[in-house]
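Written out below as structure tokens is the structure these notes cover.
The values are calculated or read from the model by the stated rules, or taken from the named source; none is laboratory data. Computed from a predicted model, the values in this text were never measured in an experiment. Quick reminder, even Gly has a Cβ in these numbers, built from the backbone with ideal geometry, and neighbours come from all protein chains shown.
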Amino acid sequence: MAIVVVDVALKPEILDPQGRAVQGALGRLGLHGVTDVRQGKQFVLTIDGEVTADKLDEIKKIAETLLSNPVIEDFTVEVKA
Amino acid sequence: MAIVVVDVALKPEILDPQGRAVQGALGRLGLHGVTDVRQGKQFVLTIDGEVTADKLDEIKKIAETLLSNPVIEDFTVEVKA
Amino acid sequence: MSIDNVASAKANSNIEQPFAALGLKPDEYERIKEILGRRPTSSELAMYSVMWSEHCSYKSSKVHLRQFGSKVPANDSMLVGIGENAGVVDIGDGWAVTFKVESHNHPSYVEPYQGAATGVGGIVRDIISMGARPVAVMDPLRFGAPDHPDTRRVVNGIVAGIGGYGNCLGLPNIGGELIFDPSYQGNPLVNALCVGTMKHEDIHLAKASGVGNAVILYGARTGGDGIGGVSVLASETFDADGPAKRPSVQVGDPFMEKLLIECTLEVLHAGLVEGIQDLGGAGISCATSELASNGEGGMHVWLDRVLLRDSTLSPEEILMSESQERMCAVVEPNKVDAFLDVCRKWDIEAVVIGEVNSSGRLTVDWHGEQIVDVPPRSVAHDGPVYERPLARPTWMDARQADAPTPERLARPTTAAQVRETLLLMVAAPNLASKTWVTSQYDRYVRGNTVLAQPEDSGMIRVDEVTGRGIAVSTDCNARFAALDPYRGAQLAFAESYRNVAITGARPLAVTNCLNFGSPEDAGVMWQFEQAVTGLADACLDMGTPVTGGNVSFYNQTGDVAIHPTPVIGVLGVIGDVANRTGMEWKTAGESIYVLGVTRDELAGSEWAHEIHGHLGGLPPVLDLNVEKALAEVLIQGSQDGVLSAAHDVADGGLAQAFIEMALRADRGATISIPANIDPFVFMWSESASRAVVVVPEHHEQALASLCSGHGVVATRVGSVDDSSELIFSGVYGESVKATIDELRSTSEAVLPALFG
Amino acid sequence: MSSRIGVVTFPGSLDDRDAIRAVTLAGAEAVSLWHADATLQGVDAVVLPGGFSYGDYLRCGAIARFAPVMEPLIKAARDGMPVLGICNGFQILCESHLLPGALTRNDHLHFICRDQRLQITNTTSAWTSNFDMNQEIVVPLKNGEGGFVADERTLDQLEGEGRVIARYLEVNPNGSRRDIAGICNEAGNVVGLMPHPEHAVEALTGPTVDGLGFFTSVLKSLVDNGKVLA
Ligand SMILES: Nc1ncnc2c1ncn2[C@@H]1O[C@H](COP(=O)(O)OP(=O)(O)O)[C@@H](O)[C@H]1O
Ligand SMILES: [Mg+2]
């Protein structure tokens, strides 16, 4: 059994209204010095068996086509255990 | 300048309809052997200056009160750079 | 892990059981032992404890609610009455309508988004389980003080949750309420109403008939959510190293519920279902015991077949779980495959968990061991019934004596002061534009919404060919109920009734959501009894039966209860929605009339609350005959095409009613205040049984004869014009003017400034 | 023979009934298409209706884009069949790369439902040919993720080629770049629109009947292109 984590973030040039709203709230709550907040998504996949190189390629392909939209998002894939 | 990453995930016992929908789609797209998918949120904060122990405590407090709802979610805080 | 089963309950009958931690009283526990002739197993104890809870058994309210059954008016439109998941009303042409309102108050305070979302989900399943297609939702909401630091969190979460769930289900939101009062600070009220429609032949009931029929559980998997107190049982007493305390918050999955609606309607219409029941409070315990006791009386369940989200759940927890988006159906054996096929089509998991039998018992097995063996009625219907002590609170006299006389509460006495008051009242959070909330809800989906916010009622076209439709409104001024719960409940009903009649629909049936403090407080119990009696008496008088409802107790913080809040929903029918009357005055030159009589009645009014923070005196008088006569004029006026617009007069009085009509139309008017009444009283009194109507010149005669025929007082007060100003003339010798732009910007800025 | 227009139902589609009603009122025969069937039943055009396919989980339209029905649909769209994606349908068309850009969370973070004023800025696409250039219309808008984004080059190209078919007037309700409410592909047969014309087809239930124009447009273009007989 393995855990694969896929992080998906909006590309830097895309406006992130959620991140901006959080940043505003941080200021109001007294946490100062936060110059930027970006909100992304994290998918934690539990995989049966081993994550071979082939399997990882498959997962990367899925991350690119389903889990993220390359028009607006970047992603990273990491095998955790 | 430092980057602090806050990951927020639904507690394991809480229903994650999004994760479930993604899991269903993975199967239909031919990625087999995925036994569970959980979808969480990731906040990437850019902090001006150093992240002192005090600052980190402040951030953890915010993670607990604003960025997550402890009734249904868990979080982790990690200083990246 | 050893399971407490029936055999061991028989064998060792004297072990200590944590009944008190589960909320059962010692005598209730004794009663269970008496029913079973032995101690209950841990699973049986869990079932009885949730089914005999206040929430499920109505143990404190039952003796009073009986009035709704004993005072039923003669009205042949009721097809299914109180006691089923929701009542069903005949609206003609073979159509039937079911509607019900339910509370989800406490969960919405703990986790506003999910609490409110699952509130919508729960009431929608009640409607589906009658065989109806849900066609609209409404959301009467009450929050604490608008400027309290916690209110923002609660408002934003609840509104987003209702929208998030309802929008995703594809149900238009056609109305609701939005009220702020410090009395709700730690106890916001989230009441959710759903309306469904069906043909008469599609009505289904929750009963398990037909020996040998299969019991199918379908929808979401069962998880550990919403178990609350039962975890005490599962983890602490019976298995010390068992799972950690389960979350009591439920998370909703509106997408699953949308599939559940479509799947359920498909199996019902295909004739695959004998009985059906939604899973709400008390989960499988409730569904199986209710189905069994309403049917042939016996059922066997293989609990280990239930599909789980969390494999560590104990059988007690599975019995109690309140996981959302599940339903239970009773299906003939030869139709099971067809049923499962439909589920597969909608991507819904389903499993046969039980079978109907003639044993007269509800038995449950867990991996071959029998863990439950009870008479189902004793669980579902024979819960304890309490005659709780009642006492009129001692402070009532002082409160009622504290009338808002001019000596006590300063009133405006010049035109300048009236204008100042006008602008303050427009900006009152309870009167301000609700657009910030309602624009977060889809009101268009399904394409049959004829009226929605800010109209007096929501209206839905039921039959696209004939135009037959329904109107629904919910109302309650809880300050009136705080001053006099009997009359307050009647006033709430009258307002709701009027709001339906305003649109031209004929009121047919009533639902209610009775939100009160603790029933263990004799004062609260007295308020409850008064409100129920008031409502039942009024329904009898007006010929509209109560078809269902819900009671929410324990809405209090420490000793301080919320204002008694009997939210009343009225459903009406209209033969052709094209004849509806809306609130928008459209044409310059048309005459504006006030129907009804305005008295000096400011106790409990929005003016007393907003300007003076005052609550005292006696609420407005109510004569139901007058209310009924007014309704007849409004209904007849709509049918005959006499009225071009109509609007209810309630919170904020006539001033508010005129402002709302002007804003709706984006068009001004001049109102001449009659000489025989004090201008301030004319503008802000909240006397009952009044409406503003607009008629073209060629119908004025018809209106006059309608009104005289029914004994309704009609006073012409002005006319619609082409201006962009609302002008009140005769205000202490001067005119008071406000531009529509100024009124609109003031009104629309309030909620965004507070919560945006 | 009247035109046959398909309306696809995905799990979670909500405005499919409304789209069927609109198509019917416009004078065409509506054909229900099911997401799991890999066939278009020989229809002349397709509407992808609004709603929350797959609960809008993951990203709006991201899961629906892989439904079996999308395979023949994508192919037919590339071959010139008229396709209109409304709201969630627009999102699905972007996810399928039949249209450029993407739809993102409204800038104010709330779901919004309002009667929206629009300006029609293309009268040559299959779904807008019955409007006048710069005609102003009012139709309902309702979305949580309706902000249209694309890179500057794509936006310039869309504008330069006249492929922005409608723009928001008075209020930009969701933070769409350059007030874009709808766009079309190069050939003009595939149109994506955030607001809901199918909710503005009857005076009784809509703010106007302006929405009918989209559906009558496609009937006209089907006749003009010789796909169906007048
Ligand atoms: N205040 C009330 N007025 C009338 N009927 C009520 C009231 N409260 C509950 N009921 C009726 O009692 C029955 C049981 O209610 P409830 O347990 O809330 O149903 P469910 O669990 O299916 O939602 C229903 O028929 C409901 O309409
Ligand atoms: Mg029920």
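What do you reckon, is C:Tyr48 more than 30 Å from C:Tyr486 (Cα to Cα), within 16 Å of ligand 1 (Cβ to nearest atom), crowded, with 19+ Cβ neighbours inside 10 Å and of a type outside the set (Gly, Ala, Ser)?
Values: more than 30 Å from C:Tyr486 (Cα to Cα): yes; within 16 Å of ligand 1 (Cβ to nearest atom): yes; crowded, with 19+ Cβ neighbours inside 10 Å: yes; of a type outside the set (Gly, Ala, Ser): yes.
When the stated conditions are applied, C:Tyr48 passes them.
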Residue pairs within 8 Å by beta carbon, gap of at least six or interchain, first lying in the range C:112-137 and free of Cβ contacts under 8 Å to residues at least 60 places away in the same chain, second within 14 Å of ligand 2 (Cβ to nearest atom) and of a type in the set (Asp, Glu), listed first then second, are none
Exactly one of B:Leu45, B:Leu56, B:Leu66, B:Leu26 is assigned to a helix (DSSP H, G or I), of a type in the set (A, V, I, L, M, F, W, C), within 7 Å of another protein chain (Cβ to nearest Cβ) and in contact with a strand residue (DSSP E or B) (Cβ under 8 Å, 6 or more places away or on another chain), and that residue is B:Leu26
> Can we say C:Ala428 is in contact (Cβ under 8 Å) with a residue 40 or more places away in the chain, buried (at least 22 other Cβ atoms within 10 Å of the Cβ) and of a type in the set (Gly, Ala, Ser)?
Replying inline: no
Taking the range C:138-171 and the residues there that are part of a loop (DSSP other than H, G, I, E, B) and within 14 Å of chain D (Cβ to nearest Cβ), the one that is surrounded by the fewest Cβ atoms within 10 Å (Cβ to Cβ) would be C:Gly170
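Table: residues versus (1) outside any strand (DSSP E or B); (2) away from chain B (no Cβ under 14 Å).
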| position | (1), (2) |
| --- | --- |
| C:Ser323 | yes, no |
| C:Val330 | no, yes |
| C:Lys335 | yes, yes |
| C:Ala338 | yes, yes |
| C:Val364 | no, yes |
| C:Asp382 | yes, yes |
| C:Pro393 | yes, yes |
Scanning the range D:23-38 for residues that are more than 13 Å from D:Arg4 (Cα to Cα) and in contact with a strand residue (DSSP E or B) (Cβ under 9 Å, 6 or more places away or on another chain) gives D:Trp34, D:His35
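One line per residue, one yes/no per condition, for (1) buried (at least 19 other Cβ atoms within 10 Å of the Cβ); (2) within 16 Å of D:Leu99 (Cβ to Cβ):
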{"residue": "D:Ile120", "(1), (2)": "yes, no"}
{"residue": "D:Asn130", "(1), (2)": "yes, no"}
{"residue": "D:Glu136", "(1), (2)": "no, no"}
{"residue": "D:Val139", "(1), (2)": "yes, no"}
{"residue": "D:Gly144", "(1), (2)": "yes, no"}
{"residue": "D:Asp151", "(1), (2)": "no, yes"}
Within the range C:543-556, the residues that are surrounded by 22 or more Cβ atoms within 10 Å (Cβ to Cβ) and away from ligand 2 (no atom under 16 Å from the Cβ) are C:Thr544, C:Pro545, C:Val546, C:Phe553, C:Asn555
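At least 1 residues that are within 12 Å of chain C (Cβ to nearest Cβ) and either surrounded by fewer than 24 Cβ atoms within 10 Å (Cβ to Cβ) or among the β-branched types (Val, Ile, Thr) (or both) in each: list the helices (runs of 4 or more DSSP H) lying fully within the range D:4-97 that qualify. Talk me through it step by step, then tell me what you get.
Numbers: elements: D:16-25, D:70-78, D:88-95.
So the answer is D:16-25.
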Item checked: C:Ile174 vs. criteria away from every other protein chain (no Cβ under 14 Å) and touching a residue at least 12 places away in the same chain (Cβ under 8 Å) -> no
Would a scan of the range C:88-100 turn up a residue that is within 16 Å of ligand 1 (Cβ to nearest atom), within 24 Å of C:Ile284 (Cα to Cα), surrounded by fewer than 24 Cβ atoms within 10 Å (Cβ to Cβ) and of a type outside the set (S, T, N, Q)?
no
request  = Go through the residues of the range C:359-381 one by one and say whether even a single one is crowded, with 16+ Cβ neighbours inside 10 Å and without any contact (Cβ under 8 Å) to a residue 40 or more places away in the chain.
outcome  = no
With criteria (1) of a type outside the set (Val, Ile, Thr); (2) under 26 Å from C:Ile635 (Cα atoms); (3) in a loop (DSSP other than H, G, I, E, B), C:Asp722 comes up short on (2)
Those residues of the range C:484-507 that are surrounded by fewer than 24 Cβ atoms within 10 Å (Cβ to Cβ) and either under 18 Å from the mean Cα position of the chain (by Cα) or hydrophobic (A, V, I, L, M, F, W, C) (or both) come to a total of 0
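If I ask for residues that are away from every other protein chain (no Cβ under 14 Å), touching a Leu at 6+ places or on another chain (Cβ under 8 Å) and of a type outside the set (S, T, N, Q), which ones from the range C:571-598 would you list? Show your work before the answer.
Taking the range C:571-598 first, the residues away from every other protein chain (no Cβ under 14 Å) are C:571-573, C:575, C:583, C:585, C:587-598.
The next check asks that each one be touching a Leu at 6+ places or on another chain (Cβ under 8 Å); those that pass are C:571-573, C:593-596, C:598.
Listed by number, the residues that qualify are C:Leu571, C:Gly572, C:Val573, C:Tyr593, C:Val594, C:Leu595, C:Gly596.
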Selection over the range B:1-45 where residues are charged (D, E, K, R) and more than 18 Å from the chain's Cα centre (by Cα) yields a count of 1
| request: Could you check, for the range C:454-462, whether at least one of its residues is assigned to a strand (DSSP E or B), among the charged types (D, E, K, R), in contact (Cβ under 8 Å) with a residue 24 or more places away in the chain and touching a strand residue (DSSP E or B) at 6+ places or on another chain (Cβ under 9 Å)? | output: yes
Given (1) buried (at least 24 other Cβ atoms within 10 Å of the Cβ); (2) at pLDDT 80 or above; (3) among the hydrophobic types (A, V, I, L, M, F, W, C), C:Val230 misses just (2)
Within the range C:114-126, restricting to residues that are modelled with pLDDT of 95 or more and away from ligand 2 (no atom under 16 Å from the Cβ), the one that is farthest from the other protein chains (Cβ to nearest Cβ) is C:Ala116
Could you tell me whether the range C:296-317 includes any residue that is more than 12 Å from every other protein chain (Cβ to nearest Cβ) and within 16 Å of ligand 2 (Cβ to nearest atom)?
-> no
Subset of the range D:98-135, residues closer than 28 Å to D:Asn225 by Cβ and either facing another protein chain (nearest Cβ under 8 Å) or in a strand (DSSP E or B) (or both), comes to D:Pro100, D:Gly101, D:Leu118, D:Gln119, D:Ile120
Counting only residues in the range C:258-278 that are within 16 Å of ligand 2 (Cβ to nearest atom) and within 14 Å of another protein chain (Cβ to nearest Cβ), the one nearest to the chain's Cα centre (by Cα) is identified as C:Ile261
Over the range C:64-89, the set of residues within 20 Å of the chain's Cα centre (by Cα), more than 16 Å from ligand 2 (Cβ to nearest atom) and assigned to a strand (DSSP E or B) is C:Met78, C:Val89
Those residues of the range C:51-85 that are within 11 Å of ligand 1 (Cβ to nearest atom), over 18 Å from C:Ser293 (Cβ atoms) and among the basic types (Lys, Arg) come to a total of 1
Heads up, the strands (runs of 3 or more DSSP E) in the range C:611-702 (entirely inside) with at least 1 residues that are of a type outside the set (Asp, Glu) and closer than 20 Å to C:Ala471 by Cβ are C:645-648, C:691-695
Taking the range A:8-23 and keeping only residues that are within 7 Å of chain B (Cβ to nearest Cβ) and acidic (Asp, Glu), one is left with none
